[in-house]
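The structure under discussion appears below in the form of structure tokens.
Nothing in this text is a laboratory measurement; each read-out follows from the coordinates by a stated rule. Only a predicted model underlies this, so the values are computations on that prediction, with no experimental measurement involved. Methodologically, a virtual Cβ is constructed for each residue, glycine included, from the backbone with ideal geometry; neighbour enumeration extends over all protein chains shown.
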Amino acid sequence: MSPLLTALSRAYPLLVIAALWELFPRTGLVSTELVPPLSSVAERLWELTRTGEVPMHAAHSLYRAVAGLVIAVAVGVPLGIRIGWSPRLYTFVNPLLVAGYPLPKPALIPLFMLWLGTGDASKIAAIAMACVLPLVVTTYHGARGVDRHVIWSARSTGASERRVLRDIVLSAALPQILTGVKIGIAVSFLTVVSAEMVAAKNGLGYLVFVSMETGDYSVMLAGALAVVLVAFACDAAFTAYMARALKWQQQSADAERHAGA
Amino acid sequence: MLGWLAGVLPLLLVIAVWEGIARSGLLPKVFLAPASAVAARLIEQLAGGALLFHAGNTLFRAAVGLALALVIGVALGLRMAQSRGTRNFLGPLISLGFPAPKIALFPILIVLFGVDHLPKVITVLSGAIFPILIMTFAGATAVDRACVWSALSMGSSTRDVFWKVTLPASLPYVFSGARIAVFVALLLAVVAEMVASGEGLGHYLVYSERMLETADVFVALTTISLIGIALDKLVTVTRGLVLCWAEEVEVTL
């Protein structure tokens with residue numbers, strides 16, 4: 001099948017939904033004030049993008065999400081590797097992880113606002129907390145899964161403990177770590193939009209919420225659409241990066257299979 | 001016995017440090033309410049009925065949304081495994097919808113349905129359905145072909161194969177998906193209540209923060225955590241009862 005046809009066959013459900021969104025408000029069953037058709041929402045979104053308003057809000061949201069995720073990686077990956085390495089540390093940290101997991105991290109936003117005020121810091125802290133747990137867990141599993149023989153041979157050739165951890169364990173755990181980052185992207189997005197709906201002065205979540213309050217429903221839907229598109233784009237971009245970054249893993253696995261067979 | 005103690009020790013340590021710092025006067029009072037004060041407030045709110053009222057609301061919304069997500073998600077997941085048409089239609093929608101934060105839908109739902117239970121239930125449903133649908137589909141497609149063929153060769157109808165082979169084989173996957181769905185359901189219910197609600201634990205949390213009632217903020221957080229732990233335990237225990245024969249399935253979303 002030609003690439004165009006494959007692309008179309010993948011996109012057709014979206015076209016169906018788009019058509020429904022366009023036609024349903026026009027039938028008169030719902031007022032077009034309440035549910036503007038897709039064309040007017042898309043037009044509004046384009047207009048807001050041109051004036052720079054949507055990019056401004058998106059930039060604030062992305063800044064918070066990325067900052068939180070970076071902190072989570074900087075804290076979570078080393079911690080995950082250390083826990084994977086030291087059973088004693090694991091026994092100590094594990095109950096804290098288990099206790100912390102069930103709490104939805106956006107619930108920490110009010111507490112962090114008491115501690116850090118209503119600015120970006122409280123939101124970034126909440127995002128970091130939300131992302132750090134899945135990252136620690138996936139990194140831990142990645143570190144545990146490293147082939148012991150590779151580690152022993154590295155040690156036997158005189159590698160220092162730090163080099164072993166950095167060059168071998170980190171590289172071998174990379175697929176799991178990147179999976180953790182992928183989860184982190186979705187989690188950071190969810191947390192930042194939630195935080196902005198609860199208390200913020202800018203950001204995509206704020207945009208959606210405030211336009212609901214002022215009754216500007218086409219902006220509200222345009223903002224929601226922007227959120228979905230940005231989230232999808234970030235996830236797709238990272239998945240593509242992951243496939244490339246982990247190509248050597250797949251290649252070495254293939255080579256192993258050929259050699260062993 | 002010792003293992004249990006080792007599990008609890010870090011938490012007790014954290015609580016002890018928490019109590020110490022809160023009482024030391026190092027931080028302004030609004031920052032940290034001592035663990036003892038939080039415990040006292042918790043009992044007070046519990047006895048007064050306010051906590052049960054809020055928790056009941058949150059649980060109701062999460063549970064209804066979750067139940068709907070289970071019914072619809074399992075049905076769609078199984079259908080997707082059987083029918084290429086359904087798979088081709090729902091696949092791209094799932095890929096698009098999965099990374100998106102479902103809470104962004106909430107204001108739209110408020111506009112359409114007001115600020116009562118319905119918009120929150122729909123938000124919970126929209127989030128919880130994804131892990132269930134995806135895992136059910138994964139389970140239904142992972143059924144060992146050999147089992148299906150044996151059943152067919154022994155004269156089972158396609159209906160029997162579905163109910164007696166495919167469905168039971170998919171259940172471990174459904175449970176793994178349900179475990180995540182429970183987490184998502186509680187998250188969305190609480191966040192929706194934080195954004196716009198007159199009652200519920202999310203509302204209680206945000207309201208207490210605005211009133212600078214730090215002890216109540218901690219009470220809300222503790223209650224939400226306990227509910228999260230309880231729900232997760234519920235899923236694992238149910239799984240143990242229903243699926244004592246099956247191994248744990250790793251979740252791949």
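Key figures for this structure:
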item: Backbone HN-Hα couplings from phi across segment B:169-174 [Karplus 6.51/-1.76/1.60, Hz, Gly and Pro as x]; result: 5, 7, 4, x, 5, 4
item: Summed residue charge, Cβ within 15 Å of B:Pro119's Cβ, Lys/Arg positive, Asp/Glu negative; result: -1
item: Estimated vicinal HN-Hα couplings, Hz - segment A:66-78 in sequence order (Karplus 6.51, -1.76, 1.60; Gly, Pro = x); result: 5, 4, x, 5, 4, 4, 4, 5, 4, 8, x, 5, x
item: Cα-derived Rg over Rh, computed across segment B:96-253 with Rh taken as Kirkwood radius; result: 1.11
item: Karplus-derived 3J(HN,Hα), 6.51/-1.76/1.60, for each residue of segment B:191-196, Hz, glycine and proline x; result: 5, 4, 5, 5, 6, 7
item: Cα centroid separation - segment B:35-61 against segment A:118-157, whole Å; result: 35 Å
item: Average projected area [Cα convex hull, chain A], square nanometres; result: 19.9 nm²
item: Most fluctuating residue given options B:Val191, B:Val17, B:Val182, as computed from a GNM of chain B linking Cα atoms under 10 Å; result: B:Val17
item: Label point at A:Ala18 placed 7 Å out along Cα→Cβ; residues across segment A:218-246 whose backbone nitrogen lies under 15 Å; result: A:225-226, A:229
item: Size descriptor, Kirkwood hydrodynamic radius, that averages inverse alpha-carbon separations across segment A:56-138, Å; result: 13.5 Å
item: Cα-based radius of gyration of segment A:122-169 once divided by 2.2 N^0.38 Å, which approximates compact folds; result: 1.59
item: B:Ala230-B:Leu152 pseudo-label distance in nm [points 7 Å out on the Cα-to-Cβ vector]; result: 4.7 nm
item: Per residue Cα convex hull volume in Å³ - calculated over segment A:154-234; result: 95 Å³
item: Per-residue mean of C-beta atoms belonging to partner chains within 10 Å, peptide B:127-140; result: 0
item: Principal axis dimensions, largest first and in whole angstrom, of the protein assembly as shown by Cα; result: 70, 68, 49
item: Rg to Rh quotient for segment A:112-213, alpha carbon positions, Kirkwood Rh; result: 1.23
item: Set of lysines near A:Lys105 by C-alpha distance (under 26 Å), chain-local residues within fewer than 8 positions excluded; result: A:Lys123, A:Lys182, A:Lys201, B:Lys29, B:Lys102, B:Lys120, B:Lys233
item: Largest to smallest principal axis extent of the C-alpha atoms in segment A:1-152, angstrom; result: 66, 53, 30
item: Radius of gyration, Dmax [segment B:2-137; alpha carbons; angstrom]; result: 22.0, 65
item: Candidates A:Leu45, A:Leu20, A:Leu111: whichever shows maximal mean-square fluctuation once chain A is modelled as a Gaussian network with Cα springs under 10 Å; result: A:Leu20
item: Value of [θ]222 nm, deg cm²/dmol, for chain A, DSSP H segments ≥ 4, -39500 (n - 2.57) each, nearest 500; result: -27500 deg cm²/dmol
item: Order by protection proxy (mean Cβ within 10 Å, highest first), peptides B:205-211, B:101-107, B:23-29; result: B:101-107, B:205-211, B:23-29
item: Selected from B:Phe31, B:Phe53, B:Phe137 as most flexible by GNM, with chain B as the system and alpha-carbon contacts under 10 Å; result: B:Phe31
item: Separation of the A:Arg244 and A:Leu229 label points, Cα + 7 Å toward Cβ, nm; result: 2.3 nm
item: Segment A:1-65-segment B:155-174 distance, computed between alpha-carbon centres (Å); result: 40 Å
item: Theoretical ellipticity at 222 nm over chain B - DSSP helices of four or more residues, -39500 (n - 2.57) apiece, nearest 500; result: -26500 deg cm²/dmol
item: When the convex hull of its Cα atoms is projected in every direction, mean area for segment A:1-71 (nm²); result: 7.9 nm²
